[in-house]
Amino acid sequence: MSNPQPKLTVRRAEERGHANHGWLNSWHTFSFADYYDPKHMGFRSLRVINDDQIAAGRGFPTHPHRDMEIFSYLLAGQLAHQDSMGNSRVLNPGEIQLMRAGTGVQHSEFNPSPTVPAHLLQIWITPATRGLAPAYTEWAPAAERQNDPKTLVISEDGRDGSATIAQDASIYLLKLDLGVQTDHELALGRGLWLHIATGAIEVNGVSLSAGDAISLEEAGKIEIISKADGTQAILFDLQ
């Protein structure tokens with residue numbers, strides 16, 4: 001007798017909050033800015049997933065953050081980052097930057113291209129401890145692992161070459177071409193959120209496309225099959 005599949009909760013792309021400011025077209029998975037939904041304030045320590053498209057030559061002016069672990073994953077274009085810790089960097093597709101706001105930091109994010117829009121995911125995670133010293137790091141896949149279907153990119157302990165975060169969270173990047181399959185086993189007491197960034201997948205028989213997400217809060221295994229070339233997704237395994 002086979003084990004029953006764990007129950008998945010689906011959040012469709014069109015159900016998210018949306019704000020189009022002209023220079024910024026943003027979809028909010030969880031309540032953010034003028035979008036408020038008491039049923040979607042976050043998921044465990046995961047507080048924000050913003051799917052942002054920034055017009056050429058535009059961006060976010062310098063602004064403050066504190067007591068939040070913030071990372072950006074670039075899907076297309078470029079993103080120029082500057083912060084009050086002295087970091088100045090242009091992010092390219094497939095790269096992640098992680099900023100610990102801690103006791104307070106200021107930063108700006110800008111699309112440096114005069115012609116090409118930038119597309120990114122900006123993600124906020126609540127730290128386990130407040131008042132930490134601010135920090136900045138970057139992550140890019142090793143050359144021999146650029147095409148791996150599932151890669152640990154951020155973790156609490158920095159294992160497997162991942163960047164570190166001040167929270168019991170393991171965050172994976174999925175990069176799957178058509179027909180490629182991977183899986184994830186969720187342990188008892190933990191929660192899973194899977195956000196589809198590009199392409200399309202099937203999770204335990206549920207079809208999902210870009211902007212869709214599923215969550216899971218019971219132990220079990222999910223099987224993920226890509227239904228399109230160039231599918232990318234972010235998987236969060238959270239305390």
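Hey, could you check the stretch 147-180 for residues that are in a strand (DSSP E or B) and polar (S, T, N, Q) and say which is farthest from ALA133 (Cα to Cα)?
THR151
So which residues in the stretch 92-106 are in contact (Cβ under 8 Å) with a residue 40 or more places away in the chain and in a strand (DSSP E or B)?
Scanning the stretch 92-106 gives ILE96, GLN97, LEU98, ARG100, VAL105, GLN106.
Before we move on, is ALA187 more than 30 Å from ASN25 (Cβ to Cβ), surrounded by fewer than 21 Cβ atoms within 10 Å (Cβ to Cβ), touching a Leu at 6+ places or on another chain (Cβ under 8 Å) and of a type in the set (A, V, I, L, M)?
Here the answer is no, as ALA187 does not meet what is asked.
Considering only residues that are over 10 Å from GLN97 (Cα atoms) and in contact (Cβ under 8 Å) with a residue 60 or more places away in the chain, which ones fall in the stretch 67-83?
Residues satisfying the conditions are ASP67, GLU69, LEU75.
Has the stretch 151-169 got at least one residue that is more than 19 Å from ILE49 (Cβ to Cβ), surrounded by fewer than 21 Cβ atoms within 10 Å (Cβ to Cβ) and β-branched (Val, Ile, Thr)?
Yes, some residue in the stretch 151-169 is more than 19 Å from ILE49 (Cβ to Cβ), surrounded by fewer than 21 Cβ atoms within 10 Å (Cβ to Cβ) and β-branched (Val, Ile, Thr).
Give just the number: which of (1) crowded, with 19+ Cβ neighbours inside 10 Å; (2) at pLDDT below 95 does ASN3 not satisfy?
(1)
Residues checked against (1) small (Gly, Ala, Ser); (2) touching a Lys or Arg at 6+ places or on another chain (Cβ under 7 Å):
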position	(1), (2)
PHE71	no, no
GLU95	no, no
GLN106	no, no
LEU121	no, no
ALA143	yes, no
PRO149	no, yes
ILE154	no, no
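Would you mind finding the one in LEU216, LEU173 that is under 17 Å from LEU121 (Cβ atoms), of a type outside the set (Phe, Trp, Tyr) and at pLDDT 95 or above?
Checking each option against the conditions leaves just LEU173.
Any idea which residue in the stretch 1-30 is nearest to the chain's Cα centre (by Cα), counting only those that are assigned to a loop (DSSP other than H, G, I, E, B) and closer than 16 Å to ASP212 by Cα?
Ranking the candidates gives THR29 first.
So PRO64 passes all but one of these: (1) without any contact (Cβ under 8 Å) to a residue 60 or more places away in the chain; (2) closer than 29 Å to THR115 by Cβ; (3) part of a strand (DSSP E or B). Which condition number does it fail?
Status for PRO64: all satisfied but (2).
Scan the stretch 123-133 and give yes if some residue there is within 30 Å of GLY205 (Cβ to Cβ) and either out of contact with any helix residue (DSSP H, G or I) (no Cβ under 7 Å at 6 or more places or on another chain) or at pLDDT 95 or above (or both), otherwise no.
Checking the stretch 123-133: at least one residue is within 30 Å of GLY205 (Cβ to Cβ) and either out of contact with any helix residue (DSSP H, G or I) (no Cβ under 7 Å at 6 or more places or on another chain) or at pLDDT 95 or above (or both).
The values are calculated or read from the model by the stated rules, or taken from the named source; none is laboratory data. These numbers come from a predicted model, not from an experiment. Neighbour counts run over all protein chains shown; Cβ positions are idealised from the backbone, glycine included.
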